[in-house]
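**Student:** What follows is a structure written as structure tokens; I'll ask about it next.
The values are calculated or read from the model by the stated rules, or taken from the named source; none is laboratory data. These figures come from a predicted structure and were not determined experimentally. Cβ coordinates were reconstructed from backbone atoms using ideal geometry, including for glycine residues, and neighbour counts include every protein chain displayed. Please note that ligands, DNA and RNA were not included when accessible areas were found on the heavy atoms of the full protein model with its side chains. Shrake-Rupley method; radii C 1.70, N 1.55, O 1.52, S 1.80 Å.
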Amino acid sequence: MAHGGDGDGVTHDLFTLLSSDDRDFLVRNNGDQVKISTLTGKILGLYFSGSWCGPCRRFTPKLVEVYQELASKGGFEVVFISSDRDEESFDGYLSEMPWLAIPFSDLETRKGLKDLFKVRGIPHLVVIDANGKVSTDQGTKVVTEYGVDGYPFTAEKINLLKEQEEATKKDQSLTSLLVSSSRDYLISGDGNKVSVSELEGKIVGLYFSLQIHKPCTDFTRTLLNFYKNLKEKGENFEIVLISLDYEEEHFKQGIAVPWLALPFKDKNCEKLARYFELQTVPTLVIIGQDGKTLHPNVTELIEEHGVEAYPFSAEKVAELAEIEKARLEAQTLESLLVAEDTDFVIETSGSKVPVSELVGKHILLYFSAHWCPPCRSFLPKLITAYHEIKAKDNAFEIIFISSDRDQSSFDDFFSSMPWLALPFGDPRKTLLQRKFKIQGIPAVVAISPSGKTITTTARKLIQAHGADAFPFTEEHVKHLEDQIEQEAKGWPEKVKSELHAEHELTRTRRHNYECDGCRESGSGWSFYCKECDFDLHPKCALKNNEATNKAKEGYVCDGDVCRKA
């Protein structure tokens, strides 16, 4: 047997691979010993996993299901290579597995296999064909996406399945999407079976959801109102839940609604997620009356426009885009921040500041939370930029929009800020998050004195340019970046630094990085060692550097950028 590479083109002898000097067997969860020689000629899955690993615990039942279907045919076996830290955990986890395992006591063989197959994370499934060659080291992905249909897990079989999917898309229908070889029905919340054929001729929403994911439970409430309103109007519309939940309890909570669903853990759930190239949840795919895909995801349309978004035709979507364009043009600070009888923000003292007093100012909406490490890391930089901008233009303010989980966390975090905030738990937060499509924090949205949105990526601009990014307009940022590009030409191509004596650092364009000198984040230019993945801000690389004193003369270093004085 050759030990090399990731197994591509290498023929493995299973006995040499799986045995040790004093062991020629594998074990089952009942203590039985099985000779390694019995695996000869079989397709073998080497399953690297651990009981402490959440993704492993979710993947193992999928692999069990596939194994049980294939093992009866006699040509497939799995061997568990444990990452558990004690024998009790190993035994408990193996008890859930119907296949074989390397004994826990044989640490040397388990470690050798991880090294040989370059296992960098778990769960990891390597499939070896009957001739001892690796079919795929992406077994977890293949099993998750294709299940037993992917067998024997070769590139040829996966390519065939992909070709079949493409052919299916051309002839797509509700039947091809929702019916399987063992099921031609959906289930209702009360457990009744409803034939898929009853949906023919209707507009159908396929609702991909995960009950434990808060954005899904929030959208479900919105979708429920939408659905009821359409039903009251007599519209020919139906929803089918495609639940991605792992626990049946969560699934049951998800179907406590008046629409239909695929059964719990139905094979079509993950198949449809792959088919529609699911990127996020919640997602609501609209299937037209002809069975073809009308829209890949209408969640935002429903949140923004409600029943006015129906029936999601191209003409309707274009009409809504015009409405949204007009809404943006009419946007004011009051339209963003005044909701019903709530027309104020607060100071750290708790005093109320009317939104009307902020009209005509440059405003940053700062989405953040105390529990978020990147938020806490970014805050000092934002505070510095705030004071510098205020010194130049007092018609400037920041409003903190909190994602904190309790009042005390909000109070603690807000007390460190010199600006304003929405009160903790203010419903305007949800509206603003949705409007600006905030997917992660920290995030900073810049609003002009006229109340129009300048940019939703002001955080990145402040990270790169500090206060110089103000007033965050496209024209100003382009001018700033052009200026920096010119100035950077005066910097040396390479520098030596006492902070990284091993190699010279090369002047390099870097999108986002953390400076290994001052530990602050940076963007734009870096003096970089590719070999060591080591970054220094220009200010850190040029400071106290004898080799670059001449280049440094006449420069002022501020923030992430050194400029000519």
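**Student:** When you look at Ser209, is it under 23 Å from Lys292 (Cα atoms), hydroxyl-bearing (Ser, Thr, Tyr), surrounded by 15 or more Cβ atoms within 10 Å (Cβ to Cβ) and in contact with a Cys (Cβ under 8 Å, 6 or more places away or on another chain), yes or no? Walk me through how you get there before you give the answer.
**Tutor:** Values: under 23 Å from Lys292 (Cα atoms): yes; hydroxyl-bearing (Ser, Thr, Tyr): yes; surrounded by 15 or more Cβ atoms within 10 Å (Cβ to Cβ): yes; in contact with a Cys (Cβ under 8 Å, 6 or more places away or on another chain): yes.
When the stated conditions are applied, Ser209 passes them.
**Student:** If only one of Glu96, Glu69, Glu65, Glu77 is assigned to a loop (DSSP other than H, G, I, E, B), in contact with a helix residue (DSSP H, G or I) (Cβ under 9 Å, 6 or more places away or on another chain), touching a residue at least 12 places away in the same chain (Cβ under 8 Å) and not aliphatic (A, V, I, L, M), which one is it?
**Tutor:** None of the other options fit; the residue is Glu96.
**Student:** Mind counting the residues in segment 162-196 that are assigned to a helix (DSSP H, G or I) and surrounded by fewer than 16 Cβ atoms within 10 Å (Cβ to Cβ)?
**Tutor:** First, the residues of segment 162-196 that are assigned to a helix (DSSP H, G or I): 162-170, 174-178, 196.
Add one more test, that the residue is surrounded by fewer than 16 Cβ atoms within 10 Å (Cβ to Cβ), and what stays is 162-170, 175-176.
The total comes to 11.
**Student:** Of these, Ser37, Ser72, Ser95, Ser20, which one is more than 30 Å from Glu247 (Cα to Cα) and open to solvent by 50 Å² or more (accessible area, probe 1.4 Å)?
**Tutor:** Values: Ser72 fails: more than 30 Å from Glu247 (Cα to Cα); Ser95 fails: more than 30 Å from Glu247 (Cα to Cα); Ser20 fails: open to solvent by 50 Å² or more (accessible area, probe 1.4 Å).
None of the other options fit; the residue is Ser37.
**Student:** Give just the number: which of (1) free of Cβ contacts under 8 Å to residues at least 60 places away in the same chain; (2) touching a helix residue (DSSP H, G or I) at 6+ places or on another chain (Cβ under 9 Å); (3) within 21 Å of Thr473 (Cβ to Cβ); (4) not polar (S, T, N, Q) does Glu388 not satisfy?
**Tutor:** Failed condition: (1).
**Student:** Out of Asp171, Asp149, which single residue is free of Cβ contacts under 8 Å to residues at least 12 places away in the same chain and under 20 Å from Ala273 (Cα atoms)? Explain how you work it out, then say what you get.
**Tutor:** Numbers: Asp149 fails: free of Cβ contacts under 8 Å to residues at least 12 places away in the same chain.
From the options Asp171, Asp149, the qualifying one is Asp171.
**Student:** Right, another one. Among the helices (runs of 4 or more DSSP H) lying completely within segment 289-404, list those that include at least 3 residues that are open to solvent by 50 Å² or more (accessible area, probe 1.4 Å) and charged (D, E, K, R). Step through it out loud before you land on a result.
**Tutor:** On the way: elements: 299-305, 314-329, 333-337, 373-392.
Counting at least 3 such residues, we get 299-305, 314-329, 373-392.
**Student:** Okay, next question. Go through segment 397-445 and count every residue that is hydrophobic (A, V, I, L, M, F, W, C) and under 16 Å from Val355 (Cα atoms).
**Tutor:** Start the filter on segment 397-445 by keeping residues that are hydrophobic (A, V, I, L, M, F, W, C), which leaves 398-401, 410, 413-414, 417, 419-422, 424, 431-432, 436, 438, 441, 443-445.
Still in the list and also under 16 Å from Val355 (Cα atoms): 398-401, 419-422, 432.
Here the count works out to 9.
**Student:** So for segment 261-281 (the condition being more than 28 Å from the chain's Cα centre (by Cα), modelled with pLDDT of 90 or more and open to solvent by less than 40 Å² (accessible area, probe 1.4 Å)), does at least one residue qualify? Spell out how you get there, then give the answer.
**Tutor:** Going through segment 261-281, the residues more than 28 Å from the chain's Cα centre (by Cα) turn out to be none.
So far as segment 261-281 goes, no, none of its residues is more than 28 Å from the chain's Cα centre (by Cα), modelled with pLDDT of 90 or more and open to solvent by less than 40 Å² (accessible area, probe 1.4 Å).
**Student:** Quick test of your reading of the structure: Phe59 fulfils all but one of (1) touching a residue at least 24 places away in the same chain (Cβ under 8 Å); (2) over 35 Å from the mean Cα position of the chain (by Cα). Name the failing condition by number.
**Tutor:** That leaves (2) as the condition not met.
**Student:** Looking at the structure I just gave you, is Ile255 open to solvent by 10 Å² or more (accessible area, probe 1.4 Å), β-branched (Val, Ile, Thr) and without any contact (Cβ under 8 Å) to a residue 24 or more places away in the chain? Steps first, answer last, please.
**Tutor:** Details: open to solvent by 10 Å² or more (accessible area, probe 1.4 Å): yes; β-branched (Val, Ile, Thr): yes; without any contact (Cβ under 8 Å) to a residue 24 or more places away in the chain: no.
So Ile255 fails the test.
**Student:** Just for strands (runs of 3 or more DSSP E) wholly inside segment 428-497: which have at least 1 residues that are modelled with pLDDT under 90?
**Tutor:** The qualifying strands (runs of 3 or more DSSP E) are 494-497.
**Student:** Checking Asp412 against (1) more than 27 Å from Ile302 (Cβ to Cβ); (2) open to solvent by 50 Å² or more (accessible area, probe 1.4 Å); (3) touching a helix residue (DSSP H, G or I) at 6+ places or on another chain (Cβ under 9 Å); (4) assigned to a helix (DSSP H, G or I), which single condition isn't satisfied?
**Tutor:** It is condition (3) that Asp412 fails.
**Student:** Out of (1) part of a helix (DSSP H, G or I); (2) within 19 Å of Arg57 (Cα to Cα); (3) in contact with a strand residue (DSSP E or B) (Cβ under 7 Å, 6 or more places away or on another chain); (4) free of Cβ contacts under 8 Å to residues at least 60 places away in the same chain, the odd one out for Thr140 is which?
**Tutor:** It fails just one condition, (4).
**Student:** Would you confirm, using the coordinates I've provided, whether Gly31 is open to solvent by less than 70 Å² (accessible area, probe 1.4 Å) and either under 33 Å from the mean Cα position of the chain (by Cα) or under 21 Å from Lys141 (Cα atoms) (or both)?
**Tutor:** No: the conditions fail for Gly31.
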